[in-house]
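Only the coordinates and a few stated rules stand behind these numbers; no lab work does. Being a predicted model, the structure only gives us computed values, none of them experimental. Please note: Cβ atoms are built from the backbone with ideal geometry, for glycine as well, and neighbour counts cover all protein chains shown.
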Amino acid sequence: MRIRRIAAVARFELLSVVKRWSYLLATFGLPLFLAAISGIVIGLQTYFFSQRAEESSQFGLIDEAKVLDRSLFETQDGELRWKANEGADEVLLYESREEASKELGSGRLRAMYVIEQDYLANGQVRAVESEKTPLLSMRGTSIEPLLRKLLRKSLVQGRLDGDVKERVLSPAFFLRSRLGPDGDEVVDVDEALDLLVRTSIPLFLGILLLTALLSASGYLVQTVSTDKESKIVEVLLSSVTPEEILAGKLFGLGAAGLVQFAAWSSMVVFVAVSASAALAGVVSIPWGALALAPVFFVLGYLFLGSLMLATAALGANAAESQKLTMGWAMLAILPLMVPVILLEEPNGILGQVMTWIPFTSPLTVIVRLAVDPSGIAWWEVGGSMLVLLISTWLSIRIGARLFRVGFLLTGTMPSLAELWRQAR
Amino acid sequence: MAAVTVTDWPTRPPSRYTVPMGVLAYRGVSKRFGQHSALDGVSLEVAQGEVFGLLGPNGAGKTTLIRIGLDILRPDEGEVSLFGAAPTPHMLDRTAYLPEERGVYRRAKVRELLTYLGRLKGMKRAAAAAAADHWLERVSLSRVADQRVESLSKGMTQKVQIAACLMSDPELCVLDEPFSGLDPVNVALVTELIEERRRSGRTTVLSTHMMHQVEALCDRVALIHRGKLVVYGRLDEIRRRYSPHEVIVWTEMDLLALGVEATQHKAGGWRVELPASATASGYLNELVRNGVLVDRYEPLVARMDEIFVHLVSGEH
């Protein structure tokens, strides 16, 4: 193969793509768009919660079962009130449903709770909201856990003593710690948040890797369809070999994909660094995964891209080429179809198997490295790269032959046997 | 008519083997697609510096033959020699091809496209850009150099494609229907470009259905029909071979009154069928000897379109 011809094809393909508005928008606009969306969502949430904090929320409570410990309530303006939390939530105790219903109807109360007569037998508490109460405003409140706390306190009052009573009310305070190089360090963070931050960055990185891979491969499918539909194929083939065209397209559009992936990855680095600064000790930046991501992108792209090019060349037009290449894309997406298993058990049997399959290895290795770098052996990383390299070499060899035949095909696709005969 | 067969073509020319003079040569080339035989044992040779006509009805196998010659397709059987050896990618730099189903990158700018196609022929960037400008001027399209191809008319696009084909000054140029879609002025321009190539010793293979262009330009022709070579040789010789044994005589005298078996020809003269043993020059001498005052005398030569129709309609 002649390097200068490959470079000429690569340069032309690269410039054809990077000059497009759609490419510029996807590459540089997407991170800005996502940042803008995240900013808007976070801003709105902050505003909503600050507004909520300023609102006084009052709830009515009717104790038909007579189980509440009234000593927990304070008398104020002739009403029995329980300060539910440090915020402005307040529970008013009513003697009858009618009285509370009137207050609910007038809009003073956000909701009323009725501890029904047979509560002790079935534990039922009826929650009633007014028509004026927005659905989410009651569901989203934290009053119900606090009402449970009030009921628990009332139920154990006088029945249990000292520490046992305290442990019934608060059975456990989890002290979280993580094993680091200097022993285990206490981490003051909620379990759900911990899981979220540990898995979201790898997942994000994985999705970006896959999107960049499929996007670059999509450009390949598009360029082959353009060549076939514009009927320039013969002009190209009378100057350069199919292998040179295939290599030029792979490199040119791969470079465009790599730029895209670099732009998107910088967003992951930014998010990871910001999260790491905000939640020190919880979020660790997956430097290993980030460093190897471009390598796996290139290998994964060359493997998938050469298969996509060869298969796309068999289609008579863009729609047909898309259909023909869909299977390869589905195989590459496989790890994201089982994200929970991969994120929760990155080094489980599924993760280990997908590490060795060239279609799934780029994404799997990167996610495994990002979630739990200590759980993946160096020989697994090196081995998966070797398998990917060999598969890439094979797919380029077979792809080039199919590409030669497919590039000139028009009309009905011949049988597989005929394709093989022509490709030999 | 039987296809030409050559049996003494070595797989790899030995060192003492005399390299054929042909720029492009096919020996016993066959190609099939599925059950369809596109080419069946075709052998022919295109010589240095000539304009070679490749003729045949639609679907005859011409495009397949061209593709095989330019190493775009590989033959199932037979050998191809390009510049005296088996085709290699490097040899393709000395060739150019204007396919019948020609394509362009419609969104590319004209100069950009030509420069790219020049680069694919191995030209350096500066040389390709200079050649692009030169050839755009030759085909009177300098003013659209920075326009997108999609903004050009069909005829202009065709001239861009011809410029792309000729810009690397190829030793062998294959032009498939180069005149289709061109107005008479541009037909004359392309004709002149082909003549110019012949004068400079460059070889051109011309595939066209415009038989008057074949008669005007080609030195030799080959006619392919149903994948087989049915006619191959010098244009004038083929025309003579398929011509009737007749002459046209222009004279004021009444040949019928002189006892000559003649009919009135549409061109104004008398059409006379010669005796089997007579030659055209001998018969003219005989007419003069018998006192016929001949104003003009012309052996009747078959036109290429008549030969084409005769051969492909199964009358031969």
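Using the Cβ-Cβ distance between B:Thr279 and B:Leu189 with R0 set to 45 Å, the FRET efficiency works out to roughly 0.65.
Taking the number of Cβ atoms within 10 Å of each Cβ as an exposure proxy, the fewest-first ranking of B:Glu79, A:Glu229, A:Glu98, A:Glu244 is A:Glu98, A:Glu229, B:Glu79, A:Glu244. In the stretch B:22-239, Cα pairs under 8 Å separated by at least six residues give a relative contact order of 30 percent.
Place a point 7 Å from Cα of A:Asn122 in the direction of its Cβ. Which residues in the stretch A:62-77 have their backbone N less than 19 Å from it? Only A:62-67 pass the distance filter. Only beta bridges with both residues in the protein assembly as shown are counted; by DSSP, about 65 percent of them are antiparallel.
Using 0.36 nm per residue, how much length does the chain from B:Arg106 to B:Ser243 gain when fully extended, once their Cα-Cα distance is taken away?
This chain segment gains 44.7 nm when fully extended.
In chain B, how does Rg compare with the Kirkwood Rh, expressed as the Rg/Rh ratio over alpha carbon atoms? Radius of gyration over Kirkwood radius for chain B works out to 1.06. Here, the protein assembly as shown yields an orientationally averaged convex hull projection of 53.5 nm² when only Cα atoms define the hull.
Length gained on full extension, A:Arg108 to A:Leu331, computed as 0.36 nm times the residue gap minus the Cα-Cα distance: 74.5 nm. Residues whose amide H lies under 5 Å from that of B:Val205, counting only those 5 or more places away or on a different chain, are B:Phe52, B:Cys173, B:Val174, B:Leu175; hydrogens are built 1.01 Å from N in the peptide plane.
Within the stretch B:244-300, all pairs of alpha-carbon atoms sorted by distance into 5 Å bins from zero give the percentages 4, 21, 36, 28, 10, 1. Applying 0.36 nm per residue to the separation of A:Glu98 and A:Val273 and subtracting their alpha-carbon distance, the gain on full extension is 57.4 nm.
Between A:Glu320 and A:Arg397, the FRET efficiency estimated from the beta carbon spacing at R0 = 25 angstrom works out to 0.55. In this structure, A:Leu386 and B:Ala86 have a Cβ-Cβ separation that, at R0 = 35 Å, corresponds to a calculated FRET efficiency of about 0.40. A crude spin-label estimate for the pair B:Ala302 and B:Ala126, with each label 7 Å from Cα along the Cβ direction, gives 5.6 nm.
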